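Here's the structure, in structure tokens; my notes come after.
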Amino acid sequence: MKSFVSSSPVMGFLFSSFWAVLVLVLFLQPAAAQICTFWDSSCVDPVAQTAVPVDFRPLIIRDISLYYAYDANPRGKGQEPMTKTGFWLSFDNPRVDKSVITANRTSEVALRIGNMTGTPGGDNNGCDGVWGTDCSRDLKRALKHALFHLSSTGDYYSRPLETILNQMVVSPPTTLTSCPPQLWDVGTIPVEIFAQETIPDQEATLYSSGSTDDPLKTWYIDNMTAHEQAQQVAVAILSRAPSYDSEPPDSQEDIQIELACVQAPSGGSSATSNS
């Protein structure tokens, strides 16, 4: 028996056209949106999210935006509440001033969550309203001093800010009397690199902008509800310091520290679909 397609040139043409149109329609269908579950650490489906612009001159001429978000699960490990926190940076057509690239430097961003409440406002991107101008000044000085000392010791490190923050969490500085005593009372302070400067080519490599689908970092906080995290102040620390393979700076003022304090209030309800 002859095949259906070959029995009639007209019908064969119509049949072929039908399949061509069907393939085209399927090709043009939008891809199904990726679902971010609570236990997927590569993304965050936030119950609350906020952002704050941060001036990171002289390296990056235009402001960068720091995003902070969290998801919540009322039945985490051991059926206790838990939140998943994420943060990332967004660059809006960033412009780099190559004239200030005079050494190999690493720029990092850290985010501290837990045991810190208050009302962000004022200078230092809201941190002065949380703990006062004296603490902001002294904290920046202490971080610069620690980074300067680290770069002068000759000991190996890959992430300067992460290295000194780990040390401070284990052994809090005793000189920061102007800051809240619970400043270092956290289990961890996640840190990620967002820029690398190299000489003699005077190039700066910026990590691509993040999003809820591709945050710089996510981590889980035990025994924390969405309502409780909404009351917490997220403290961000941005640094620009010598890389390990760089000459020590002439002074502490050659090291850059920026602070930012934000809150992401939610309605207080926890996400249940991500459990």
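Quick note: the coordinates plus some simple rules give every number you see, no bench work behind them. Since this is a predicted model, take the numbers as computed values, not measurements. Reconstructed Cβ throughout: ideal geometry from the backbone, glycine too, with neighbour counts over all protein chains shown.
Modelling each spin label as a point 7 Å along the Cα-to-Cβ direction, I'd like the residue 51/residue 198 distance in nm, to one decimal.
Each label point lies 7 Å from its Cα, and together they span 3.0 nm.
Lysines within cross-link reach of residue 98: Cα-Cα under 24 Å, excluding same-chain residues under 8 positions apart?
Qualifying lysines at Cα under 24 Å: 144.
What ³J(HN,Hα) values, in whole Hz, does the Karplus curve 6.51 cos²θ - 1.76 cosθ + 1.60 give for the range 68-79 when θ = phi - 60°, with x put for Gly and Pro?
9, 8, 8, 10, 9, 9, x, 10, x, 4, x, 6
Using only Cα atoms, what is the ratio of the radius of gyration of the range 189-266 to 2.2 N^0.38 Å?
On the way: Rg = 16.7 Å, N = 78, 2.2 N^0.38 = 11.5 Å.
Cα-based Rg divided by the globular estimate yields 1.45.
In whole Å, how far is the Cα centre of the range 219-258 from that of the range 142-197?
Cα centroid of the range 219-258 versus Cα centroid of the range 142-197: 8 Å apart.
Expressed in whole Å with the largest first, what are the equivalent ellipsoid semi-axes of the range 82-177 derived from the C-alpha gyration tensor as the square root of 5 times each eigenvalue? Don't skip to the answer; put the middle values down first.
Numbers: eigenvalues 115, 86, 51 Å².
Over the Cα atoms of the range 82-177, the ellipsoid semi-axes are 24, 21, 16 Å.
For the pair residue 104/residue 188, report the inter-label distance in nm, with labels modelled 7 Å from Cα in the Cβ direction.
Here the answer is 2.7 nm between the modelled labels.
Nearest-5 percent of antiparallel DSSP beta bridges in the range 203-262?
100
Using the Cα atoms of the range 127-275 to build a convex hull, what is its mean projected area in square nanometres?
Working: hull surface 44.2 nm².
Hull-based average projected area comes out at 11.1 nm².
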